Structures are given as C-alpha cells and as structure tokens.
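The values are calculated or read from the model by the stated rules, or taken from the named source; none is laboratory data. This structure is a prediction, so every number in the text was calculated from the model and none was measured. Cβ placement follows ideal geometry from the backbone for every residue including glycine, while neighbour counts extend to all protein chains displayed.
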Amino acid sequence: MAPENSNTEEVVVGEEVGRVRLITLNRPRQLNVISSQVVSLVAGFLEKWEKDDDAHLIIIKAVGRAFSAGGDLKMFYAGKTDDSCLEVVYRMYWLCYHIHTYKKTAVALVNGIAMGGGAAMAVPLKFTVVTEKTIFAVPEATIGLHTDCSFSYILPRLPGHLGEYLALTGARLNGKEMIAIGLATHFVPSEKLDELEKRLVSLNSGDEVAIKAVIEEFSLEVQPDEESIVHKLSIINKCFGEESVEEIIKSFEAEASREGNAWIASVLKGLKRSSPTGLKITLRSIREGRKQTLSECLKKEFRLTMNQLRSVISGDVYEGIRALNIDKDNSPKWNPASLNEVSSEKVDRVFQPFEAELELNIPPEGDAYRWSGKYENSVYPTLKGKQ
C-alpha cells in the first residue's frame, strides 16, 4: 500500500486513514538510513498520534529493499571534528525510550534490511512482522562503535549468550531466525505484505486481539534452517559466556578445530578484523545490560556514543566509517591495534557517568511526564560549539 501522497522529497511520510496512522521511511536509495530529519519526523508523528484519541493503530513500514540500515554513518563522519551530531544522538536515544514504551498498538512491517538503529524502530513494537527478505544485524562493534539504540537492553534478554554473539560478530539473522529467538512476532511472505497492510487499515482498530488475528491469517509457521546459528547455541553459550573478548576468541578458536565446526572460521576472521576498542566496549555494555533497566541502558549507550564520537579513548569509529563507507578499502587501521592494548582503565573512561544535567533525560514514570526531556529542553543547545 503505497503512500497516497508519496513525495520523493519527504524522507518520512505520515498518513492518517480513519483510526490508523502510518509512518513510511522514504529514503530507498539511502537504504532508509536514519538522519537528524528522520528522527525528528518519526518522533513528531509518534508523539502526536499517542496523544490523539482518534489514533488507535500505528503502522511503521519502509519503501525499497531496506526497512532501515541504521544510522547515517556519513553524517557522523562529516561531524567528526565537532559536536554537530550530538542533537541527533540525543534525540534518537530519547526516541528509543518512547518506542519501547509506546502506549498505542503498533505494527512494524519489516521487509528488508533492518540494522542497528533501524531495527530499534521495529523490534520493540507489539507486533513485528518479518519476511523472507528481512535481514537483521547489529554490526556497530565491527566499525568501532558499540551496540546501541537500546540493543544493550534487548540482546542480553535473548537465549543464552546469543546477545554477545550477535553484538560482537555483527552476524546477520534472517526472518525465520528472528522469529525463533523472539526478535519478531510473525513471518509473512513478502508478496502478502501489501494485502496484510490493507486488511489492517480496513480493520480500523487498535484492538490487539483483532490485529493479531488478522496478522495470523497471513503468517506462516517457520523454523530456522538446519545450518542456522540458532541450532549452535551450545557452542555460542560455551564461548561467548567467557569473561573477556580475548577468552571468547580463544575458546572460539578451540571449537573451530572440532569436526563439524567449519562455520566458525569465517566468523572468527570477522571478529579478529573488528575494532579492538569497539569489541571491548560492546562486551561490557551487553554484560551490564543484563542487570540494567531500559532507562539505565539508554543513558549508558548515550554516554558511550558521545564519548566514542568525541574520540575519548580512540578514533576507531571514524576509521571504521572511512574504511567501510567513505574510501571503501575495507582495510581499517585500528588504534589501538590489538585487544591487549585496550586496558580496562581506558574502557572505564567511556562508561563514566556524565554530570547530572548532561545525562540523557529519560522521562520519569507517569502520563504527566510523557514526552518530556526533549533535546531542546536540555542544557545541550546552550553548549553547542563549547564542548
């Protein structure tokens, strides 16, 4: 169901049809990456419709072969010498909180790539519909960042140590695998997606039971393929439950030599090519996330992102973006270059809490505070250019 007023200039299209509201990510050539404008528009629609008594059901979808490939890395690279990306980072984490706690029934139709912050706009919803074209990944650690946008909260709640595995390796999952581990609720063949959308719109209701019944009319019972990573959980738990990145790699190497474990070689190769700093920060963040609330995870992730964008202990995030997205030579020169050079003292620095006024301002509980704590009401606009 294409937006009636689809405009190639609009990066996000919002529609109101009866009691149904639709958000369409509309940057197909850019794989619907998340820019400052995208965050502001999505947040604006969600806030407006949560307060609208006539809005009962929200549908989030996208145009093209990607739902969203995550944050706009070129935007971050362009802002590497100042804090120009601070606003979009603040707004994105603040938005993640509201997506997780959204009060209206919401459905994501995920037919394509959903990575990092893009997946964060779909996975937390009441209904997350995936297809045979869906590809999920959280590849941030591989480019020197950390697993962000609420995934330090989501991933530790997956079976066993699968969260650590996905965060450290950037491994991709398909729609069937997402269903199996609880990252999605329903699998619908892509050719049925438009019809499903039309049925949801014609239902004109936010009743969860009725919506679930409609989705189930179109959904299939699916199982992961025989060679899926989901069937290798015993090895993953054994290796990725180790205390440190170094011990994880050592344990994984030992498993690679065993018969039937040929799949490990390529995963190990990618793991060893990743940013040592990104890996260490990511592992600690995921481990802390096991015991943290959503708010605590988001505040922590905000600190980590800002400290990494400010190159507090390493400029790896920019080197990773350069190698993968700018020069595309796929040969990043990490600094430090080895895991043993990334000391626990260095990692501690990026986890240190900010002064109270500089923390991400997650709204306290209660309707009276809902949608409070916005960037423009924080101290940050007055600090632009002074950091």
Inter-residue pairs, beta-carbon under 7 Å, first of a type in the set (Phe, Trp, Tyr) and in region 75-86, second surrounded by fewer than 16 Cβ atoms within 10 Å (Cβ to Cβ), 6+ apart
Tyr77/Ile326
Looking at region 83-95, is at least one residue in contact with a Phe, Trp or Tyr (Cβ under 8 Å, 6 or more places away or on another chain) and under 30 Å from Leu203 (Cβ atoms)?
no
Any residue at all in region 49-58 that is in contact with a Lys or Arg (Cβ under 9 Å, 6 or more places away or on another chain), closer than 21 Å to Tyr90 by Cα and not acidic (Asp, Glu)?
no
Evaluate region 331-344: report whether one residue or more is among the small types (Gly, Ala, Ser) and in contact (Cβ under 8 Å) with a residue 24 or more places away in the chain.
yes
Boolean, Cys85 is out of contact with any Lys or Arg (no Cβ under 8 Å at 6 or more places or on another chain), of a type in the set (A, V, I, L, M, F, W, C) and crowded, with 24+ Cβ neighbours inside 10 Å
no
Go through region 56-125 and tell me which strands (runs of 3 or more DSSP E), entirely inside it, have 3 or more residues that are more than 16 Å from Ser36 (Cβ to Cβ) and either out of contact with any strand residue (DSSP E or B) (no Cβ under 8 Å at 6 or more places or on another chain) or of a type in the set (Gly, Ala, Ser) (or both).
none
Looking at region 268-296, which of its residues are touching a Cys at 6+ places or on another chain (Cβ under 9 Å), crowded, with 22+ Cβ neighbours inside 10 Å and of a type outside the set (Ser, Thr, Tyr)?
Gly289
So in region 369-387, with the set limited to residues that are in a loop (DSSP other than H, G, I, E, B) and without any contact (Cβ under 8 Å) to a residue 40 or more places away in the chain, which one is farthest from His100 (Cα to Cα)?
Lys386
Can you tell me which condition Val350 does not meet? The list is (1) of a type outside the set (Lys, Arg); (2) within 25 Å of the chain's Cα centre (by Cα); (3) surrounded by fewer than 16 Cβ atoms within 10 Å (Cβ to Cβ), and all the others hold.
(3)
Residue satisfying all of: in region 17-43; out of contact with any strand residue (DSSP E or B) (no Cβ under 8 Å at 6 or more places or on another chain) and of a type outside the set (Lys, Arg); nearest to Glu197 (Cα to Cα) among these
Val17
What about Ala167, is it more than 26 Å from Leu95 (Cβ to Cβ) and of a type in the set (A, V, I, L, M)?
no
Can you pull out every residue in region 336-368 that is outside any loop (DSSP other than H, G, I, E, B) and at pLDDT below 95?
Asp367, Ala368
Applying the selection to region 132-165, what residues are buried (at least 22 other Cβ atoms within 10 Å of the Cβ) and within 30 Å of Asp194 (Cβ to Cβ)?
Thr134, Phe136, Val138, Pro139, Cys149, Ser150, Phe151, Ile154
Condition first: among the hydroxyl-bearing types (Ser, Thr, Tyr) and loosely packed, with under 13 Cβ neighbours inside 10 Å. Now tell me which residues in region 200-248 satisfy that.
Ser202, Ser234
Could you tell me whether any residue of region 176-198 is under 30 Å from Ile60 (Cα atoms), among the polar types (S, T, N, Q) and either at pLDDT 95 or above or under 25 Å from the mean Cα position of the chain (by Cα) (or both)?
yes
